[in-house]
Amino acid sequence: MNEPLTVAMPKGRIFDEAVDLLREAGFPLPPEFDDSRKLIVDAPEADLRFILAKPMDVPTYVEHGVADLGVAGKDTMIEEERDVYEILDLNISECYMAVAALPGYQKSDINPKVASKYPNLATKYFKEQGEQVEIIKLNGSIELAPLVGLADRIVDIVSTGRTLRENGLVELETIVPITSRLIVNPVSYRMKDGRIDDLVERLSKVVEVEES
Amino acid sequence: MSTPFMFEKPAGMRDTLPAYYQTKNTVRERLERVIGSWGYLPIETPALEYYDTVGTASAILDRQLFKLLDQDGNTLVLRPDMTTPIARVAASSLKDQAFPLRLSYHSPLFRAQQKEGGRPAEFEQMGIELVGDGTASADGEVIALMAETLKSAGLAEFQIAIGHIGYVNALLLDVVGSEDRANVLRRYLYEKNYVGYKQHVKSLPLSSIDEKRLLNLLKLRGGRDKLTDAETLVNNGKAGQALEDLKQLWEVLDGYGVSDYIKLDLNLVMHMSYYTGVVFEGYGERLGFPLSSGGRYDELLEKFNRPAQATGFGIRLDLLVEALGQTEELPAQTCIVFSKERRCEAIAEAKRLRQQGERVVLQDLQGVESVDELSGAFVDVQYFIGKKQGGSKDE
């Protein structure tokens with residue numbers, strides 16, 4: 001029972017924001033984590049260990065139980081469909097999933113194509129719209145696809161809309177709002193229930209105060 | 001489609017090599033001993049069943065079924081679980097036997113996997129079904145036996161979460177008023193999406209008291225005292241009955257001395273419609289996936305025209321072995337290497353050792369590819385080589 005609770009998180013902004021929330025919730029975390037290249041960061045005072053992973057991989061670490069908890073965007077949760085508990089909306093890194101295209105875009109009658117980093121999510125969305133499209137999976141720089149004619153539309157995350165504007169794209173539809181969620185492995189949720197419930201309780205107080 | 005490599009297996013199919021077999025077998029024997037000592041009789045059912053009967057009655061999702069056609073064009077499924085075949089047997093081959101029936105099985109199950117390569121699509125499950133007994137004693141017996149079985153496997157730490165789908169259904173229906181609306185909320189719980197559940201509850205036009213009741217459902221996990229909290233949310237009709245069931249169940253489990261392993265979790269929704277009462281799931285250390293699960297399914301048997309209350313559990317043997325985390329050493333074996341002049345002598349010696357209970361490999365020297373590798377693979381190697389009739393000598 002002396003093992004720390006393990007939390008998988010994406011590097012960068014989400015990590016910083018989530019760590020701030022944990023500090024507000026009273027977890028004694030150091031003011032700064034030194035080496036940003038580390039993949040595993042220990043915070044023994046708070047009895048926590050952080051695993052720094054690619055955003056899309058966080059639900060995977062949690063599903064397999066190598067991380068008890070995780071901070072994952074709703075986008076990755078929808079895309080990955082992992083068997084984990086989605087316990088708390090942390091209300092950080094707010095953004096939304098949207099369909100975008102070049103200005104003056106007109107629906108093509110012949111094989112319309114959509115590029116996305118989220119093929120499952122995009123497939124599900126267009127299925128619900130009753131629209132027949134071909135989904136093309138890309139791993140990044142999705143904005144490129146309409147510019148070079150790979151696809152006529154894209155499905156991607158929009159936070160400020162700057163990236164779209166800079167690439168001369170316009171937003172057509174909003175699909176779903178996105179925030180980061182606290183997720184929990186189903187086995188850890190039972191085997192370490194006391195500590196996890198405590199963490200969730202403290203975090204939800206912080207999050208709910210900020211909400212109101 | 002490209003042709004498979006010669007050595008390739010269909011997705012999710014695995015070979016079991018001796019070391020793993022040995023480990024699995026030891027665990028299986030331990031479980032069988034416990035289950036047998038509680039008077040459950042093992043049965044086997046065919047690997048193939050009709051899609052229209054067992055396939056559709058099963059709790060397993062349609063897209064996870066392996067389907068094939070027989071010569072007459074009937075759709076068959078590879079057995080996706082054992083509960084449904086046992087229900088079929090209870091209603092047919094065993095229909096003249098009076099309830100309750102206590103049956104056990106260990107059997108490979110087949111469930112197609114969509115995600116990622118190598119996830120097992122065939123795995124061994126061991127379990128029991130207690131058919132025709134609707135008492136709290138029956139629920140308690142099944143859960144206590146699962147606890148004893150997990151203990152006997154050598155799991156240092158494990159826990160069993162217990163819920164009651166009757167309570168969840170009654171509370172949801174009481175607040176939202178229609179099955180359709182209750183179903184939306186039930187699905188969020190089934191998908192473990194508590195954030196979505198909370199958001200949906202807040203979007204409903206409910207009084208603040210009712211909203212609170214739905215939100216407080218999520219807090220109903222922990223010790224026995226949560227039953228008192230549960231009573232404050234809803235305590236009429238079916239919900240009251242469910243809580244009464246759980247109280248009695250807890251007493252039964254106290255009687256068996258296993259309540260230390262038990263946690264209450266009234267949010268546990270393991271299937272959208274299959275279970276009808278107490279449900280439970282078992283978790284062990286060191287593995288992120290549940291090891292075992294079970295519950296009461298009082299509506300399955302009537303699909304086979306012999307209505308009966310029933311409960312049971314299944315343990316994933318592959319996951320249990322993984323959670324135990326140890327490979328057993330292969331048993332020590334002796335090797336007798338002989339040349340043909342002394343074959344009879346070697347056979348006699350092997351026979352003598354085998355009668356003493358030793359495992360003996362008898363190997364003609366001429367058939368050996370590498371003597372070094374051979375002698376390295378055994379604890380003890382004896383040579384019966386050459387013309388001389390003297391005694392054997394150890395390596």
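The values are calculated or read from the model by the stated rules, or taken from the named source; none is laboratory data. None of the values given here were measured: they were computed from a predicted structure. Using ideal geometry, Cβ is built from the backbone for each residue, glycine included, and neighbour counts are taken over all protein chains shown. Note: accessible area is taken over every heavy atom of the protein model, side chains too, but ligands, DNA and RNA are not part of it. Shrake-Rupley method; radii C 1.70, N 1.55, O 1.52, S 1.80 Å.
For the reader, a short list of remarks on this structure follows.
- From B:Gly237, B:Gly294, B:Gly284, residue being modelled with pLDDT under 95 and more than 14 Å from chain A (Cβ to nearest Cβ): B:Gly237
- Here B:Thr84 meets the list (1) of a type outside the set (Lys, Arg); (2) touching a residue at least 40 places away in the same chain (Cβ under 8 Å); (3) out of contact with any strand residue (DSSP E or B) (no Cβ under 9 Å at 6 or more places or on another chain); (4) not in a loop (DSSP other than H, G, I, E, B) almost entirely, failing just condition (3).
- Any hit, the stretch B:67-80, residues being within 17 Å of the chain's Cα centre (by Cα) and either among the polar types (S, T, N, Q) or not assigned by TED's automatic domain parsing to the domain that holds B:Tyr50 (or both): no
- Of the candidates A:Asn91, A:Asn120, the single residue that is under 22 Å from the mean Cα position of the chain (by Cα), farther than 30 Å from A:Val209 by Cα and within 14 Å of chain B (Cβ to nearest Cβ) is A:Asn120.
- Set side by side, the residues A:Tyr61, A:Tyr125 differ, and just one is crowded, with 22+ Cβ neighbours inside 10 Å, within 14 Å of chain B (Cβ to nearest Cβ), not aliphatic (A, V, I, L, M) and not in a strand (DSSP E or B), which is A:Tyr61.
- Members of the stretch A:4-27 that are open to solvent by 70 Å² or more (accessible area, probe 1.4 Å) and either out of contact with any strand residue (DSSP E or B) (no Cβ under 7 Å at 6 or more places or on another chain) or hydroxyl-bearing (Ser, Thr, Tyr) (or both): A:Arg13, A:Asp16, A:Asp20, A:Arg23, A:Glu24
- Matching residues in the stretch B:319-338 - criterion: being open to solvent by 20 Å² or more (accessible area, probe 1.4 Å) and either in contact with a Leu (Cβ under 7 Å, 6 or more places away or on another chain) or over 30 Å from B:Asp364 (Cα atoms) (or both): B:Leu319, B:Glu322, B:Leu324, B:Gly325, B:Gln326, B:Thr327
- In the stretch B:242-268, residue nearest to the other protein chains (Cβ to nearest Cβ) [restricted to those that are under 26 Å from B:Pro307 (Cβ atoms) and open to solvent by less than 10 Å² (accessible area, probe 1.4 Å)]: B:Leu268
- Being within 27 Å of B:Tyr274 (Cβ to Cβ), open to solvent by 40 Å² or more (accessible area, probe 1.4 Å) and either of a type outside the set (Gly, Ala, Ser) or not assigned by TED's automatic domain parsing to the domain that holds B:Ile165 (or both) is a property that B:Glu231 has.
- Subset tally (residues that are in a strand (DSSP E or B), of a type in the set (A, V, I, L, M, F, W, C) and open to solvent by less than 40 Å² (accessible area, probe 1.4 Å)) for the stretch B:41-77: 2
- Residues of the stretch B:1-40 satisfying the condition of being in a loop (DSSP other than H, G, I, E, B), open to solvent by less than 90 Å² (accessible area, probe 1.4 Å) and under 23 Å from B:Ala153 (Cβ atoms): B:Thr16, B:Trp38, B:Gly39, B:Tyr40
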